[in-house]
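One structure below.
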């Protein structure tokens, strides 16, 4: 099981690193923390830092006293939005549950982040997540959403430029990338066409 913790200030990383270590996680890299639980389950948390600029994708930066930390420009889009606050009760072992409150991206931000993640690494799990997020959009149309409004700009425009070719590929026999077997490829392509504005 893995999760990403997004921050927008370098000054937050060192205290967060210490908090993870104090909680029993082992630091395996500048931004990766791992805990092996009693039931042989592996928990991993990655700290990601938002960055400004037009260069897309993961880039590493050195944080004093911590090491290499991955940065993403798309995180600025998500962190500048209100997000959703959720209360979590997570079972991490036999008779061991942790309770916490956290902020997660709103639906549109999650699609932006996941589209860029899929574009950067072409992993099937990212495609599965995109499929789930667009199904949520289809079911809950009142969620704040501007990815279907022209003209798109900034990260929304970049997202559309990722998802439109994806929709085209999903309608072909051979995609050139792995698609989870439980995804209805024509339906996912149709969801993209319906909820993402066309761009030149």
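What the table below lists for this structure:
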{"quantity": "Distance between segment 96-162 and segment 6-51 - C-alpha centres, whole angstrom", "calculated": "23 Å"}
{"quantity": "Ellipsoid semi-axes in whole angstrom, largest first, where each is sqrt(5λ) of the Cα gyration tensor of segment 2-104", "calculated": "25, 17, 11"}
{"quantity": "Segment 46-142 - convex hull of the alpha-carbon atoms, volume per residue in Å³", "calculated": "163 Å³"}
{"quantity": "Radius ratio Rg over Rh of segment 87-135, counting only Cα atoms, Kirkwood formula for Rh", "calculated": "1.13"}
{"quantity": "Cα long-axis angle, helix 107-121 against the chain (0 to 90 degrees, to the nearest 10)", "calculated": "90 degrees"}
{"quantity": "For the chain, built as a Gaussian network whose Cα springs stay under 10 Å, the top-fluctuating residue of 113, 43, 170", "calculated": "43"}
{"quantity": "Highest-fluctuation residue, 136, 162, 86 considered, GNM on the chain with Cα pairs under 10 Å", "calculated": "86"}
{"quantity": "If the convex hull is drawn through the Cα atoms of segment 107-195, its volume per residue in Å³", "calculated": "85 Å³"}
{"quantity": "GNM flexibility winner over the chain from 126, 95, 182 (Cα, springs under 10 Å)", "calculated": "95"}
{"quantity": "Answer label, with log10 I(q)/I(0) by the Debye sum over Cα atoms at q = 0.14, 0.18 Å⁻¹ calculated from the coordinates and candidates (i) -0.80, -1.44; (ii) -0.78, -1.18; (iii) -0.93, -1.33", "calculated": "(iii)"}
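Values quoted throughout were computed directly from the atomic coordinates according to the rules given, and no laboratory measurement underlies them. All values derive from a computational prediction rather than experimental measurement.
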